[in-house]
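Reading through the structure tokens given below for one structure.
The values are calculated or read from the model by the stated rules, or taken from the named source; none is laboratory data. Keep in mind that what you see is a predicted model, and the values were worked out from it rather than measured. Backbone-built Cβ (ideal geometry, glycine too); neighbour counts: all protein chains shown. Note: accessible area is taken over every heavy atom of the protein model, side chains too, but ligands, DNA and RNA are not part of it. Shrake-Rupley method; radii C 1.70, N 1.55, O 1.52, S 1.80 Å.
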Amino acid sequence: QRRVHGEYIFFDQLELMSTNYTSYSQLFGDISPYAWANMGIALSLGLSIVGAAWGIFITGASLLGASVKAPRIRSKNLISVIFCEAVAIYGLIFAIILSGRLQTPPMTMSPSQLAQATFSGYSLFWAGVSVGVSNFACGICVGVTGSGCALADAQTPETFVKVLIIEIFGSALGLFGLIVGIIQIGSAYFPSAKQ
Amino acid sequence: SEMCIRDRYMGSKIKIIKFFVMDLTFFAINDGYVEAIIRGLRAGFLTPDVYEALKGTNSLQDFKTVLEDTDYGPYLGSEIQNVSISVLRSRLKRKLADEFSYIQGQCVEPLATFLRLMQSQYMIDNIVNIIEGVKNRVDFDYLISQADPLGVFPELKAIKSVDPENYSELYSTVLIDTPVGPYFMKFLENVMEALNENISINEIQALFRDIQPEFIRTSLKKMWLEDFYEFCQQMNPITKEFMEDILKFEADCKTIQVIYNSIGNKELSSAANRSSKRKQLCPSLGYLYPDVDKDIANVTTIEGLRDAVRHIQQYREMLRDVPDPLKREEFSADVRGLDDMMYEEEVRKYSLAFEEQAHYAVFYAYMKLKEQEIRNVIWLAEMVARKLPRSNKGWNKILIPFQP
């Protein structure tokens, strides 16, 4: 990070464009922590929603087909879709929490504020990744299990509850990600402009 | 390759998806709905209770009443007092054909090609039957009504307009447009190849006229089987695994049946014809191919056949109790023939296909199991119509799928 007279200047585009980087660590180091933070928000939201959507279409296709011959399964098996939806909501909630941590940066920062911002930036990014990836896997898992649940229920009604238990275990995976993510951003605070 | 069906399908965007594993996560994109439909239809199979009720009926009318309570109800309802077995059979087949035409309407590639290949075997049957029927001056409308509904396609009616004895013209005008056209082309090429170059056109026509329909049918089915196998190699791994096993077994059954049926037949098992004609009828795939090929080619007795398949336990057991075709007195209703053994093993394999999700073999298995069910029902209808006593062993000759 460049220091100019003991202060750090953000978003000096001309300076950044004319810099000659000599190593990748220098390049990565110059990425603004706010970029990291917002990317983390995007990843947590986007990956969770991709996982949830994937799960919903997998289970939805099977549900549609199976309910043609066995209409009684329609209402019960919407629970699988709701579980997938919950995965998307985890991602949404976490993204809102992350957005709350972001503050408008001051024009200049002292080195301690800079360190705080850098730490928070990385923290938010990787917390977003952990929530996003675990929800992605969770969504697909619940979707595949849900499709199996619909097909099994259409044949033998007694199997519905048993397969639902498998789905509940599957949806716990998303919760794990959410919990770890919240712990990760525990001490991530951005310096605000008012100070 | 000459097999057009596979070439027509290749080169599409499915090639790209081939690099992903089309397993549980990707299967539902294109085929989730139709697979779920098939699984829902699985619930419509007749249970052992229904079979017991059918066995207990005294007349065909009661028989039909029992059937009306099952999934077949809507197809049997509007029948008049005297229901005949052929009408029953055609109604049951009609139901299966309707189910499959619905599924064909809902599916996309590559399942559409898979289903078309699946039904090609019935198309072959229909075409050969119609050609033979027209040759023997049978009424064309009657032939069309007797055609297997699973293998009906628009060009079938066009066979009427062509002289059935002129095979090459028949092929170039009518059959070339059909989905089974490539098989006919290959068949014609094979027959031409086996002839000398300096045979006149008239002799070729005479030769085609003399070819037995069974020979045509078996050759075409062999080509179809090989083409289907090639196609299944490109499918997702689960489909490939199941279909490989099923098709290999079917090919072996065909091989064994060809040899078995030709044991008593002097013409086919003579040394000259053994390598050419008989070989032509045996598919070049299966568990017996190519290791046992040479042994099988020289078989002339049932003992020789049993000896040739001794390495594979399944076939060894299957052939152990089968009656000798040379000794007609061994055949009776009690003895389980080769067909029965093969059906039983096939039913077991098809039932297993339903245990796995995200593959196409369920469609094939469903069709075959439904066919077996129709065979069961018609068999029981015949037993009921002839009023045979319950002690007759024929009552137990039915094969019920999904039995543990």
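Summary table
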| item | result |
| --- | --- |
| Accessible area buried, both sides summed, chains A and B with 1.4 Å probe, Å² | 1300 |
| Restricting the stretch B:128-164 to trypsin sites (Lys or Arg not before Pro) in coil, as DSSP defines it, with at most 10 other Cβ within 10 Å | B:ARG137 |
| Listed residues A:THR145, A:THR19, A:THR59, most fluctuating in chain A (Gaussian network, C-alpha, under 10 Å) | A:THR19 |
| Length-normalised contact order for chain A - Cα pairs under 8 Å, 6+ apart - percent | 34 |
| By accessible area with a 1.4 Å probe, ligands and nucleic acids excluded, highest first: order of A:THR104, B:THR173, B:THR218 | A:THR104, B:THR173, B:THR218 |
| The stretch B:340-390: C-alpha gyration tensor shape, a/c 1.5 cut-off, then a/b vs b/c | prolate |
| Hz values of 3J(HN,Hα) by residue in the stretch B:283-298 - Karplus curve (6.51, -1.76, 1.60), Gly and Pro given as x | x, 9, 7, x, 5, 7, 9, x, 5, 8, 3, 5, 4, 4, 5, 9 |
| Debye, to nearest 20: dipole size of the stretch B:352-404, +1 on Lys, Arg Cβ, -1 on Asp, Glu Cβ | 480 |
| Rounded to the nearest 10 Å², the accessible area of B:ARG42 at probe 1.4 Å | 60 |
| Per residue value of the accessible surface for the stretch A:24-159 (all protein chains in place, 1.4 Å probe), Å² | 42 |
| Cut-off 19 Å, label 7 Å out along Cα→Cβ of B:GLN313, residues of the stretch B:282-305 by amide N | B:287-288 |
| Rounded to the nearest 20 debye, dipole of the stretch A:60-195 from Cβ charges on Lys, Arg, Asp, Glu | 180 |
| C-alpha long axis of helix A:78-101 to longest principal axis of chain A, angle in ° | 10 |
| For the stretch A:153-166, Karplus couplings with θ = phi - 60° (6.51, -1.76, 1.60), whole Hz, Gly/Pro x | 5, 5, 7, 9, x, 5, 7, 4, 5, 5, 6, 4, 5, 4 |
| Accessible area, probe 1.4 Å, largest first, for residues B:ARG39, B:ARG336, B:ARG91, B:ARG320 | B:ARG320, B:ARG336, B:ARG91, B:ARG39 |
| Probe 1.4 Å - accessible area at B:ARG375, Å² to nearest ten | 90 |
| Accessible-area composition of the stretch B:104-154, carbon plus sulfur, in percent [1.4 Å probe] | 48 |
| B:VAL138 accessible area, 1.4 Å probe, all protein chains in place, Å² to nearest 10 | 60 |
| Accessible-area order (highest first, 1.4 angstrom probe) of the listed residues B:THR301, B:THR57 | B:THR301, B:THR57 |
| Shape call, the stretch A:48-195: gyration tensor on alpha carbons, a/c limit 1.5 | prolate |
